[in-house]
1. Could you please tell me which pairs satisfy a Cβ distance under 8 Å, a separation of 6+ or placement on different chains, a first residue in segment 43-56 that is more than 12 Å from Arg84 (Cβ to Cβ), and a second residue that is aromatic (Phe, Trp, Tyr)?
2. Quick check on segment 86-102. Is at least one of its residues under 21 Å from Pro123 (Cβ atoms) and open to solvent by 50 Å² or more (accessible area, probe 1.4 Å)?
3. For Ser54, indicate whether it is open to solvent by less than 10 Å² (accessible area, probe 1.4 Å), in contact with a helix residue (DSSP H, G or I) (Cβ under 8 Å, 6 or more places away or on another chain) and of a type in the set (S, T, N, Q).
4. Can you pull out the residues in segment 214-238 that are open to solvent by less than 30 Å² (accessible area, probe 1.4 Å) and either in contact (Cβ under 8 Å) with a residue 40 or more places away in the chain or of a type in the set (A, V, I, L, M) (or both)?
5. Would you mind listing the helices (runs of 4 or more DSSP H) fully within segment 16-100 where at least 2 residues are among the hydroxyl-bearing types (Ser, Thr, Tyr)?
6. Between Ile14, Ile43, which is open to solvent by less than 10 Å² (accessible area, probe 1.4 Å) and touching a His at 6+ places or on another chain (Cβ under 6 Å)?
7. Do we have Thr77 as hydroxyl-bearing (Ser, Thr, Tyr) and within 20 Å of Ile16 (Cα to Cα) here?
8. Please go through segment 140-155 and pick out each residue that is open to solvent by 10 Å² or more (accessible area, probe 1.4 Å) and within 23 Å of Leu218 (Cβ to Cβ).
Amino acid sequence: MRSCYYLRRVGRVIAITNQKGGVGKTTTAINLAASLASNNLRILLVDSDPQGNSTSGLGIEKSQEAATLYNALVSGTPLEEAIRPTEFAGLDLLPADKNLVAANLDLVDLEDRDFRLRRAIEPVRSLYSHIIIDCPPALDLLTLNALVAADSVLIPIQCEFFALEGISQLMDTIDKIRDSFSHSLLIEGILLTMYDDRTNLTRQVADDLRDFFGDEVLKAVIPRSIRLGEAPSYGKPILHYDPRSRGAESYLQLAKELIANEHRNRQITKGAGQGTFGPSS
């Protein structure tokens, strides 16, 4: 069964991560954030990948003068000074630029280096229903900060031969973070991406993942789609680039599934007589 969690009265922080690249992580971050915002929710997308693809994928120009996630992590710049509005209703962005490449080195000697993002986010959590963090495809200090800041982890995974091996390694990493930081980091879900049900391999890997992880594998599935690949070059989520496409429909289904899971878990928590507050920071 999917782990039950307390719902906080402030924004839920979801880290989107996979140590393997090319699995649709940034595509998922952009399009999940936009799809949640389309449900009349206020969403913050945090671009924690030095490549800055979530930033450019939302049509935000990178400027040397503007504050970014780097300034918040290293210099302690308040997030309110770095957050940028996007042209999409309800969706804000904490951008990244090339300076973020140096963050892993610059953070090493800083006090509480693993908690910098968590503490930066706290003053703005009440402004958003969800805060989505797009992590880099590596287990470095940026990813560690994201996982320590997050309430839960969403894991995009491509249905390929080594999928089960890669996700097992990620689960081991999550367990170590839980133990090392006494942090109740939960699994939001495992998301099948670039899904092509015409191939036997795709179907077999999907079946293996569902057999192994049960209902932690989300019902929503993201298809392999040319339109999904095109959208970032226009600085738009798929919902605004091609709202009638299968990709747009799939990410809307994902957003609705996560909202439904949160609502169900809220009812379970209330039924247990434990209120709606989350674990202490």
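The values are calculated or read from the model by the stated rules, or taken from the named source; none is laboratory data. Note that the structure is predicted; figures quoted are calculated from it, not measured. Virtual Cβ from ideal backbone geometry, glycine too; neighbours counted across all protein chains shown. The accessibility values were calculated without ligands, DNA or RNA, using every heavy atom of the protein model including side chains. Shrake-Rupley method; radii C 1.70, N 1.55, O 1.52, S 1.80 Å.
1. What qualifies is Ile43/Tyr128.
2. no
3. Values: open to solvent by less than 10 Å² (accessible area, probe 1.4 Å): yes; in contact with a helix residue (DSSP H, G or I) (Cβ under 8 Å, 6 or more places away or on another chain): yes; of a type in the set (S, T, N, Q): yes.
It is true that Ser54 is open to solvent by less than 10 Å² (accessible area, probe 1.4 Å), in contact with a helix residue (DSSP H, G or I) (Cβ under 8 Å, 6 or more places away or on another chain) and of a type in the set (S, T, N, Q).
4. Of the residues in segment 214-238, the ones open to solvent by less than 30 Å² (accessible area, probe 1.4 Å) are 217-218, 220, 222-223, 228, 231, 235, 237-238.
Residues satisfying the conditions are Val217, Leu218, Ala220, Ile222, Leu228, Ala231, Gly235, Pro237, Ile238.
5. Fully inside segment 16-100 and qualifying: 25-37, 53-57.
6. Ile43
7. no
8. The one that is open to solvent by 10 Å² or more (accessible area, probe 1.4 Å) and within 23 Å of Leu218 (Cβ to Cβ): Asp151.
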